[in-house]
1. At q = 0.13, 0.14, 0.15, 0.17 Å⁻¹, work out log10 I(q)/I(0) for region 2-96 with the Debye formula, treating every Cα as an identical point scatterer and leaving solvent out; two decimals please.
2. Relative to the longest principal axis of the chain, what angle (0 to 90°, nearest 10) does the C-alpha long axis of helix 111-120 take?
3. Mind computing the radius of gyration and Dmax over the alpha-carbon atoms of region 173-261? Å is fine for both.
4. If only Cα atoms are counted, what is the Rg of region 220-290, and what is its Dmax, in Å?
5. Which length gain, in nm to one decimal place, applies between residue 113 and residue 53 when the Cα-Cα distance is subtracted from 0.36 nm times their residue separation?
6. Going by how many other Cβ atoms sit within 10 Å of their own, how do 211, 103, 58 line up, fewest first?
7. Please report, to two decimal places, log10 I(q)/I(0) for region 90-175 at q = 0.11 Å⁻¹ as given by the Debye formula with identical point scatterers on the Cα atoms and no solvent.
8. For residue 311 and residue 87 in the same chain, what is the full-extension length gain: residue separation times 0.36 nm, less their Cα-Cα distance, in nm?
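Laboratory data are not the source of any read-out in this text; all were calculated from the coordinates shown. From a predicted model like this one, the values you see are computed outputs, not experimental measurements. FYI the Cβ positions are ideal-geometry reconstructions off the backbone, even for glycines, and counts take in every protein chain you see.
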């Protein structure tokens, strides 16, 4: 049996993919810290996770042993669960958190540390300057702006939260009025300087090319399956060959990725990909990849439980568009 702990809303897609690949007699457990029946209701057993961190670890261990669960996929709380790996190992449980140590997870979560290590390993990545105060921000911007467009994002974060592209021509109010991710640097600097507790930020050259989001199934750094996704307007397209996915595979190996992970790259103006980040958890868009004939969640679940993995039949020239679907739920 396999247990999928709380993750992104795409936890629903992980359940669907795993169910499709596993024998009918193998139960899938799913849990969440909130009442999310539209997600966990697709599993054979739905559970509610406690909020307290220490209580959650003990509850996961006890529940897994009581229900003869073999594999536990940590999602949103991967670092918390990873910190107790020794306890899970001692109990004979297979724990999958995206990495094989807390140090590995900390490295990829901290984008400043990740960038430094990627550069040391010779992996092409978006160069970045870490800043923690207004003077450092102004200096970093002046340095990079002399070479081209500049952008900024938090050292730690997901979903692109806190990302801004600096546009010298942007009206000071346009970022508030239009909801775009562009802002005049002076406006941003003034706001950052006025913030009492300043978060560490990464100032980077803005890459003008497209972004590739590579969903991957990895085992101790070895990539066993992957699909690259690119957003093109309202649609997403897919790829399995090319420099972007090759770079993602190399990065997964170097950083010892383990589980269902997501690696993002960005092309420069010449089409050369650079590493943006590694997310040691499945992405929000992983469900789209099943349209290519490759069931990444199913491959992961089957291999970890010792079953034959589902056949992959790559479908080229596929594009998808997300739509909102209403799901009836009990009151």
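1. So the normalised log intensities work out to -0.39, -0.45, -0.52, -0.68.
2. 90
3. Computed over the Cα atoms of region 173-261, radius of gyration and Dmax are 18.2, 48 Å.
4. 11.9, 35
5. Numbers: separation 60, 0.36 × 60 = 21.60 nm, distance 2.55 nm.
Full-extension gain reported as 19.0 nm.
6. Working: 211 16, 103 10, 58 13.
Placing the least packed residue first, the sequence is 103, 58, 211.
7. -0.44
8. Details: separation 224, 0.36 × 224 = 80.64 nm, distance 3.46 nm.
The span from residue 311 to residue 87 would gain 77.2 nm if fully extended.
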